[in-house]
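Where a number appears in this text, it was derived from the coordinates with a stated rule and is not lab data. As the structure is a prediction and not an experimental result, all values here were calculated from the model. Every residue, glycine as well, gets a Cβ built from its backbone with ideal geometry; the counts of neighbours run over all protein chains shown.
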Amino acid sequence: MSVRLHDLELLDAVRAFTLSHPAPEIERFKPAMRDWGNDWIDVKAEHLPAAERLDQVVQRADCAPMLVPFARHYRNLRWEQSYTRAQRLVPEAMLDGYGFTEVVGKLGPFVSERIRAGISIIGPGIEYPRHRHQAEEIYAVLAGGADFRVGDESATRRVSGDVVYIAPGQPHGFSTTDDIMVIFYLWQAGDLRQTSTFA
């Protein structure tokens, strides 16, 4: 089976964004993104209501151009959540208003054991409680913003264009503003599908 054109377009978008980004925090992720792997798998599309918000986001002045192909193809992607209502790990409002899609990672469509990359949409006024995981992580804000708390630092407002680096095992969380926030995420150097523990 050949690679689908929309998957290739998204891979090109996430690789170009990562490899051309000037932030020093992203430099450490570039080798894994250059050599993510070779395998593609056919991933079945799955819908979440949060994905529909991409149509609104790409109309905004603060939206990064990298989101345009995601908005064009969001109906063809597998949208996920890391948590369930039964687990009671995150607020109900978060489960009602967020979702992510992976382009590169253990579950594909571009299969990698080295790096995980995709986007996440988080609705307005949502708190993502402080949590931690083995992998080091990047949040690159593509639209909107949130008050991020990383480690022992006080909360800092980050908006479109900002990059947040999280070291392995470092507690972090955020609260979104009254706008929809979209982030590009990168994970490496740990279990790429680990469920977070909460601080």
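Numbers for the structure displayed
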read-out	value
Members of the stretch 12-47 that are polar (S, T, N, Q) and farther than 23 Å from A140 by Cβ	N38
Within the stretch 152-162, considering residues that are surrounded by 13 or more Cβ atoms within 10 Å (Cβ to Cβ) and in a loop (DSSP other than H, G, I, E, B), the one farthest from the chain's Cα centre (by Cα)	A155
Residue that is nearest to V164 (Cα to Cα), among those in the stretch 24-56 that are in contact (Cβ under 8 Å) with a residue 60 or more places away in the chain, touching an Asp or Glu at 6+ places or on another chain (Cβ under 9 Å) and among the aliphatic types (A, V, I, L, M)	A50
All positions within the stretch 132-162 that are out of contact with any strand residue (DSSP E or B) (no Cβ under 7 Å at 6 or more places or on another chain) and free of Cβ contacts under 8 Å to residues at least 12 places away in the same chain	D152, E153, S154
Flag if E9 is over 21 Å from Y139 (Cβ atoms), surrounded by 13 or more Cβ atoms within 10 Å (Cβ to Cβ) and touching a Phe, Trp or Tyr at 6+ places or on another chain (Cβ under 8 Å)	no
Test: residue in the stretch 89-105 that is within 14 Å of the chain's Cα centre (by Cα) and in a loop (DSSP other than H, G, I, E, B)	no
Pairs with Cβ under 6 Å, 6+ apart, first in the stretch 114-131 and touching a residue at least 12 places away in the same chain (Cβ under 8 Å) and within 24 Å of D55 (Cα to Cα), second in a strand (DSSP E or B) and among the acidic types (D, E)	G118/E102
